[in-house]
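No value in this document is a laboratory result; all are computed from the given coordinates. Since we're looking at a predicted model, the values are computed, not measured. Cβ atoms come from the backbone with ideal geometry, glycine included; neighbour counts cover every protein chain shown.
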Amino acid sequence: MVEIRWHSRAGQGAVTGAKGLGSVVATTGKQVQAYALYGSAKRGAAMNAYNRIDDEPITNQETKMFPDFVFVIDPALAFSDDITKNDKPDTQYIITTHLSKEDLISQIPALQDKADRVHVVDCMQISLDTIGRAMPNTPILGAFMKVSKMYDLDFFLENMKKVLSKFPQKIIDANMEAITRAYNEVK
Amino acid sequence: MAKEFELNEVEVWDGNYAASQALRQAQIDVVAAYPITPSTPIVEGYGSYVANGYVDGEFVMVESEHGAMSGCVGASAAGGRVATATSSQGFALMTEVLYQASGMRLPIVLTVVNRALASPLNVRGDHSDMYLGRDSGWIQIDAFDAQEAYDLALCAFRIGEHLDVRLPVMMHQDGFTTSHKAQNVYPLKDSVAYKFVGEYVPVDDMLDFSRPVTHGAQTEEDWHFEHKAKQHKALMDSRTVIDEVFADFKKLTGREYKRVESYMMEDAEVALVLLGSSVETAVLAAKQLREEEGIKVGIVAPRCFRPFPYDLVREALDVPSLKAVCCMDKSAPGGAMGALFNEVSAAAYSTEARPMMTNYVYGLGGRDFAVDEAKRIMKEQKAHADAGHITTDIQQFSGLRGPKLGFFQTRRD
């Protein structure tokens, strides 16, 4: 079982991102869950989304998880959210930030003994450059493919295209570029 | 002619989308709806299928849930296949008309996304609205996840519209936990799904002008009782039809449903009885506890909440090794033992083993039901079994903050 917790703001596409990842993973015969904790949340409010991935049908309907991966897709939430909540000795962190990894970690005490498990990538800048607005949900998945080695980049891109097929070609292309850049730039 | 909707063999859908796809495939003639969280996407989905030509049906916008169910009653009496969706306060506002629909024997399908009832206001899931429908004369079927929300919505039409049943059916799923959680769902092709549901057969339809009928007539003491008894009999007799429909569905898909699901009960010493998405978490916890500590835990889950499967609950609990059973109610009992506790205890009383029965109230307003908490409750049942008596209060609260709350103790010398 692989468990992922997203830290996001409502409106940044974490639910869409979690469902997109789930859709790609499900095409490979695996079982997935993608869900979020929101409800009356307004745009900009801090929220969590979640993924579970397994070879067997997933019957755990508990909301809380002990994540293998934590995605922080809003730079400020790395400072204000409890991003290390329920973590494990091998939990990997992928954090969107314009800071270097060293600068980021030096400002977040909770990460200081986890430096080897922290990965940084500037999904905000990448999405501004490619998609044209701050939409960090798809690039973080590119970084995740690099860190987790779950799938080859090309395989992931091909399947993600299908997930995004209802969008205009221009938007699909921009997302592919964003995912590729995040894959290459994550440190 | 409605367009075919292209579906993959496996889709990643949440419970709401799964239910809306089932409504589309059943080719509903009329949906009269008023949106409410968390069930909104079901009727929103149907609206978009109508607008995009995937259903030859009509979406009726109304001013309230009372209006929504009234519209459904009218359209169903006129002779159409009718469905809608609601939750919580919307369900409460529909209640008056729910009794009308069942008394008029209209096979409307209501997809309920279970949510807490105010006050305090809360959008998250518990079973307050499902329990509110208990005596309304509807068949109530409970899905534990998104695949089941799809499968059982298709079954709901077959069951309610069956000529030996002709009763409205509620298809329940848990708010957010199921309605907003995407997972692998294996849908049927449009043509296969529609063939399973079948053509709608109108009975005493008001649009048949060659044979005028009256719906919703007044009876006083001369006939009311006979009508209500007949309606109750129809509900009780629907049990065999539900079993038949589930059997047909298994033949078609390989997916098996029973009026009472039971897991690992063959050799169980203790058991939990519960409803909804928590069933899946409890089954996982029971499997783990069996491996970790060798405690023989079983799970019993009434899939069919109404008609209450007294027969099959008794059968599931009639296990010689069974010593302690905990019934878990996800609805505030309002000054009583939980309803599930009361109904399951009545069934357990007529078993040979007569296990000790305890009650937990849990999960109100969407409070998370954790695997570890399920295991703790299972171990507590084991402690009752080992001691030979109930070692705690009979009614307790799971996951509640603040001072421990409990009521009633076993009378012992």
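See the values below:
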| item | result |
| --- | --- |
| Quotient of Cα Rg and 2.2 N^0.38 Å for region B:260-407, N being how many residues it contains | 0.94 |
| MRE, 222 nm, helices only [DSSP H, n ≥ 4, -39500 (n - 2.57), over chain A, to nearest 500] | -11500 deg cm²/dmol |
| Antiparallel %, DSSP beta bridges [both residues in the protein assembly as shown], to 5 | 35 |
| Kirkwood hydrodynamic radius (C-alpha pairs) into Stokes-Einstein, region A:2-185, 37 °C and 0.692 mPa s, D in µm²/s | 200 |
| Interchain or long-range residues, amide H under 5 Å from B:His172's placed H | B:Val112, B:Ile141, B:Asp142, B:Ala143 |
| Chain A: relative contact order as a whole-number percent, Cα under 8 Å and 6+ apart | 21 |
| Viscosity 0.692 mPa s, 37 °C: Kirkwood-radius Stokes-Einstein D of region B:342-413 over Cα pairs, µm²/s | 241 |
| Surrounding net charge for A:Ser165, when Lys and Arg each add one and Asp and Glu each subtract one, Cβ distance under 13 Å | 0 |
| Average beta carbon contacts from partner chains per residue of B:181-191, 10 Å cutoff | 4 |
| Residue among B:Tyr186, B:Asn52, A:Pro89 farthest towards the positive dipole end of the protein assembly as shown, charges placed on Cβ | A:Pro89 |
| Only Lys, Arg (+1) and Asp, Glu (-1) charged, at Cβ; region B:77-231 dipole about Cα centre in debye | 400 |
| Most fluctuating residue given options A:Gly17, A:Gly142, A:Gly132, as computed from a GNM of chain A linking Cα atoms under 10 Å | A:Gly132 |
| Rg followed by Dmax, in Å, when region B:11-253 is reduced to its Cα trace | 16.8, 54 |
| Average Cα contact separation per residue, region B:260-407, under 8 Å, 6 or more apart, as relative contact order % | 25 |
| For chain B, convex hull volume per residue from C-alpha positions, Å³ | 152 |
| Sites B:Phe408 and B:Asp243, calculated FRET efficiency, Cβ-Cβ separation with R0 51 Å, nearest 0.05 | 0.90 |
| Debye intensity ratio in log₁₀ form over the Cα atoms of the protein assembly as shown, taken at each q of 0.10 Å⁻¹ | -0.91 |
| Chain A - share of DSSP beta bridges that are antiparallel (%, nearest 5) | 55 |
| Selection of GluC sites (Glu not before Pro), region B:350-413, meeting DSSP coil and at most 15 other Cβ within 10 Å | B:Glu352 |
| Simple spin-label estimate for B:Asn342 and B:Met264 in nanometres, 7 Å along Cα-Cβ | 3.1 |
| Efficiency of FRET from Cβ geometry, A:Lys187 and B:Tyr99, R₀ 45 Å, rounded to 0.05 | 0.10 |
| Of A:Thr97, A:Thr130, A:Thr28, the one that fluctuates the most in a GNM where chain A has Cα springs shorter than 10 Å | A:Thr28 |
| Placed amide H near B:Ala2: partners under 5 Å, 5+ positions off or other chain | B:Asp56 |
| Shape parameters for region B:92-218, alpha-carbon atoms, Rg then Dmax in Å | 16.5, 52 |
| GNM flexibility winner over chain A from A:Ala45, A:Ala14, A:Ala143 (Cα, springs under 10 Å) | A:Ala45 |
| Alpha carbon centroid spacing (whole Å) that separates region B:112-139 from region B:9-29 | 22 |
| Whole-Å distance, taken between Cα centres, linking region B:269-283 and region A:118-177 | 39 |
| Residue-span extension gain [B:Val192 to B:Val213] - 0.36 nm each, minus C-alpha spacing | 4.1 nm |
| Rounded to the nearest 20 debye, dipole of the protein assembly as shown from Cβ charges on Lys, Arg, Asp, Glu | 780 |
| Cβ-based net charge around A:Arg5, under 12 Å, with every Lys or Arg adding one and every Asp or Glu removing one | -1 |
| Residues B:Lys250 and B:Glu292, FRET efficiency given R0 of 25 Å [Cβ-Cβ distance, rounded to 0.05] | 0.15 |
| Residues with amide H under 5 Å from that of B:Val361, placed H, sequence gap 5 or more | B:Asp329, B:Gln396, B:Phe397, B:Ser398 |
| Pair B:Asn52, A:Asp90: separation of 7 Å Cα→Cβ label points (nm) | 4.1 |
| Rounded to whole Å, sorted largest first: equivalent-ellipsoid semi-axes of region B:22-85, Cα gyration tensor | 16, 15, 9 |
| Length-normalised contact order for chain B - Cα pairs under 8 Å, 6+ apart - percent | 15 |
